[in-house]
Every structure is written in C-alpha cells, then in structure tokens.
1. Being surrounded by fewer than 19 Cβ atoms within 10 Å (Cβ to Cβ) and under 18 Å from residue 63 (Cα atoms) is the requirement here; does residue 83 meet it?
2. If I filter region 86-101 down to residues being within 21 Å of residue 32 (Cα to Cα) and surrounded by 13 or more Cβ atoms within 10 Å (Cβ to Cβ), which single residue comes out as modelled with the lowest pLDDT?
3. Does region 109-123 hold any residues that are part of a loop (DSSP other than H, G, I, E, B) and without any contact (Cβ under 8 Å) to a residue 40 or more places away in the chain, and which are they?
4. Would you confirm whether any residue within region 17-36 is under 21 Å from residue 82 (Cα atoms) and more than 12 Å from the chain's Cα centre (by Cα)?
5. Right, residue 19: modelled with pLDDT of 95 or more and buried (at least 17 other Cβ atoms within 10 Å of the Cβ) or not?
6. How many residues are out of contact with any helix residue (DSSP H, G or I) (no Cβ under 8 Å at 6 or more places or on another chain) and either in contact (Cβ under 8 Å) with a residue 12 or more places away in the chain or closer than 12 Å to residue 16 by Cα (or both) if we restrict to region 40-65?
C-alpha cells in the first residue's frame, strides 16, 4: 500500500496489510533476502505508524495475531504492540524464545534483553 492508501484504509484493512507484510518479511528472513527484509521493514513501520496515529492508537488490533502460526507474524505483532499491551507483548516474545523458533527466537530474545536493560524503549 502506498502512503495515500494507508491514510484512507480502514483499521481492518491496515491489520490485513500488516499480516501480509509480516508473512512476507518472515519468508524473506528465512530466504536470506536482505534487501527485501529491509524494504518490508519500512512498509510494516508505515502501517504501524498509521495505526498508532489513528484515534485511540489502534495498534491493539494487532493482538489478534499473537496466536498466528507464523513466528514472524507473532514477533512483528508483539513488537508493534509493546507500548499499548506491554505485558501481553512480552509474553508473546518470551514464547517465541521458549519454543526456540529460529531465526525469530534470536530477535525476540534480544528484544526482551534490550527492553530489560532499557536499551530499547518502544514508542
């Protein structure tokens, strides 16, 4: 979706786009397609920011993906909701680590570590 499309999309459409992008990023990570990972990262960030800027901070809708079968989707959803649902998000990240769902468990573990040390402060 282009920026203009994001601005006019419904919250449900934004959640669907987030899901599509999180799946694409997970595949790109597994296939070592670093350029695609970077490109999709920024697209996910744009969707997350659009949800954040909606009245009431609509990032909460992404909690629906906490039980998605793909660890990349759960990782992205938990990261995006750290400010609005901190305890639940951390539990999802810890579950990815505990299940040893690599390569995403490494990212989830580092995210938890960086949160605990104050190095990473979600916005």
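1. Numbers: surrounded by fewer than 19 Cβ atoms within 10 Å (Cβ to Cβ): yes; under 18 Å from residue 63 (Cα atoms): yes.
Yes; evaluated as a whole, the condition is true for this residue.
2. First, pick out the residues of region 86-101 that are within 21 Å of residue 32 (Cα to Cα): 96-97, 100-101.
Next cut, surrounded by 13 or more Cβ atoms within 10 Å (Cβ to Cβ) only: 96-97, 101.
On the way: 96: 98, 97: 98, 101: 95.
Per the stated criteria, the residue is 101.
3. Residues of region 109-123 part of a loop (DSSP other than H, G, I, E, B): 118-123.
The answer is 118, 119, 120, 121.
4. Start the filter on region 17-36 by keeping residues that are under 21 Å from residue 82 (Cα atoms), which leaves 17-23, 25-26.
Now restrict to residues that are more than 12 Å from the chain's Cα centre (by Cα): none.
Taking every residue of region 17-36 in turn, none turns out to be under 21 Å from residue 82 (Cα atoms) and more than 12 Å from the chain's Cα centre (by Cα).
5. Values: modelled with pLDDT of 95 or more: yes; buried (at least 17 other Cβ atoms within 10 Å of the Cβ): yes.
Judged against the criteria, residue 19 is a match.
6. Pass one, region 40-65, residues out of contact with any helix residue (DSSP H, G or I) (no Cβ under 8 Å at 6 or more places or on another chain): 42, 45, 49, 53, 55-56, 60.
Restricting the remaining residues to those that are either in contact (Cβ under 8 Å) with a residue 12 or more places away in the chain or closer than 12 Å to residue 16 by Cα (or both) gives 60.
The qualifying residues number 1.
Listed here are the residues, each with its yes/no results for (1) within 21 Å of residue 90 (Cβ to Cβ); (2) modelled with pLDDT under 95; (3) in contact with a strand residue (DSSP E or B) (Cβ under 9 Å, 6 or more places away or on another chain).
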{"position": "3", "(1), (2), (3)": "no, yes, no"}
{"position": "39", "(1), (2), (3)": "no, no, no"}
{"position": "42", "(1), (2), (3)": "no, no, no"}
{"position": "45", "(1), (2), (3)": "yes, no, no"}
{"position": "54", "(1), (2), (3)": "no, no, no"}
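The values are calculated or read from the model by the stated rules, or taken from the named source; none is laboratory data. Remember, predicted model here, so these are calculated numbers, not experimental data. Note that we place each Cβ from the backbone using ideal geometry, even for glycine, and neighbour counts take in every protein chain shown.
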